[in-house]
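The values are calculated or read from the model by the stated rules, or taken from the named source; none is laboratory data. Small disclaimer: the values here were computed from a predicted structure and weren't measured. We place every Cβ from the backbone using ideal geometry, glycine too, and count neighbours over all the protein chains shown. These area figures cover heavy atoms from the full protein model, side chains too; ligands, DNA and RNA do not enter into them. Shrake-Rupley method; radii C 1.70, N 1.55, O 1.52, S 1.80 Å.
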Amino acid sequence: MAGRIVLFGATGYTGGLAARALVARGAAPLLAARSRERVEALAAELGGLDSAVADVAQPQTIRALLEPGDVLVSTVGPFARWGEPAVRAAIDAGAHYIDSTGEPPFIRAVFERHGADAEAAGAGLLTAFGYDYVPGNLAGALALREAGPRAVSVDIGYFVGGGAQPSGGTRASAAGMLAEPAYAFAGGRLVGERTARSVRTFDGRPAVSIGGTEQFALPRVHPGLRDARVWLGWFGPASRPLQALSAATAIATRLPGVRGAIEATAGRLVKGSTGGPDAATRAKARSHIVAIASDSDGAPLATVRLEGDNPYDFTGAILAWGATTATGGGMHGTGALGPVDAFGLDALEAGVAEAGIARRT
């Protein structure tokens, strides 16, 4: 018997997009959120779905919604602050888990702290399964496959055009990123590295270095990989100043109490779930992802470019695709998984295209 999809955070901005995308795929998820009034209203709007009240402050309310074989989709962020109860609930229940985070420290925690427990429980964990960082995993894996065994490095850049502004959850997550450690995959191993430590260009567009899931997942699908870097090109000419700010923040946070003060200020000034761009604004935005696989001399061997829908609608759609595919038995493996691990490269490419982003020919 197929498990049930439980959408936790359904009344938030990303959660609402995911809920609508799930219904569009013919699914009938259980909607869960903190506010009974809001979640019941959304459930009624979407055709009389089941709903429940759940809160990260009471982890047992999340666990009570799950049975073995269910799929828990969590959009409750910032994940560094509020994400762990949902992961633990899924593992404890033997349920699969999918989330929409883009936060490097949380991604690392899922792979390094929770993966073994999930594997023992028979649960698959798919963190950062949205615009952050599914398209880059796909583009990187395609480029590495085309480059063949000579490829030892891959660089993946994310760009958006059209002017859509970040949602409240995205702003809340980004506000704390400069104060938190990130990482790179360099020399065949994961190494600590601050966000925006480096800047490089793709087709003349600057981008800053970030931590994603690619650094964990792509070495699994291309064993000869020695270096994997992910780059965010949302900042344009501000990329270099952001690099300088990152360096200054890294120095400042070594002082006692500074990191906590930054995090507290971010928490007061930038709240999650405060909404995001409306449909008309989202429609103006386009996603561009590029992956370059190179040899040991740094010479490019293969380049893959993806283009398509805006990050927000894509995230809702790919979360829905992942959840429905998982409930249908299409998720392979347990523990902390990358997108290619979980679904296979060809199926992932088809799913990403279904969600609105495809290879540029």
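Could you check region 233-249 and list, in sequence order, the residues that are assigned to a helix (DSSP H, G or I) and either of a type in the set (S, T, N, Q) or within 19 Å of the chain's Cα centre (by Cα) (or both)? Residues satisfying the conditions are SER239, GLN243, SER246, THR249. Taken over region 194-214, residues that are touching a residue at least 40 places away in the same chain (Cβ under 8 Å) and either among the aliphatic types (A, V, I, L, M) or not in a strand (DSSP E or B) (or both) amount to 12.
Filtering region 225-234 to residues that are over 13 Å from THR195 (Cβ atoms) and open to solvent by less than 40 Å² (accessible area, probe 1.4 Å) leaves LEU225, ALA228, GLY233.
Does VAL230 qualify as being at pLDDT below 95, in a strand (DSSP E or B) and of a type outside the set (Ser, Thr, Tyr)? In short, no. So, ASP92, is that one among the acidic types (Asp, Glu), touching a strand residue (DSSP E or B) at 6+ places or on another chain (Cβ under 8 Å), closer than 25 Å to GLY329 by Cβ and at pLDDT 95 or above or not? Considered against the rule, which asks whether it is among the acidic types (Asp, Glu), touching a strand residue (DSSP E or B) at 6+ places or on another chain (Cβ under 8 Å), closer than 25 Å to GLY329 by Cβ and at pLDDT 95 or above, ASP92 comes out as no.
The strands (runs of 3 or more DSSP E) falling completely within region 253-361 include none with 1 or more residues that are hydroxyl-bearing (Ser, Thr, Tyr), at pLDDT below 95 and surrounded by 19 or more Cβ atoms within 10 Å (Cβ to Cβ). Restricting region 182-227 to residues that are of a type in the set (S, T, N, Q) and touching a Leu at 6+ places or on another chain (Cβ under 7 Å) leaves a set whose member that is nearest to ASP99 (Cα to Cα) is GLN215. Which of the numbered conditions does ALA217 fail, given that it passes all the others? Conditions: (1) touching a Ser or Thr at 6+ places or on another chain (Cβ under 7 Å); (2) in contact (Cβ under 8 Å) with a residue 60 or more places away in the chain; (3) of a type in the set (Gly, Ala, Ser). Looking at each condition in turn, ALA217 falls short on (1). Once region 184-237 is narrowed to residues that are acidic (Asp, Glu) and out of contact with any helix residue (DSSP H, G or I) (no Cβ under 8 Å at 6 or more places or on another chain), the residue that is farthest from PRO339 (Cα to Cα) is ASP203. Checking each residue in region 143-158 for being part of a helix (DSSP H, G or I) and open to solvent by 10 Å² or more (accessible area, probe 1.4 Å) picks out ARG145, GLU146, ALA147, GLY148, PRO149, ARG150.
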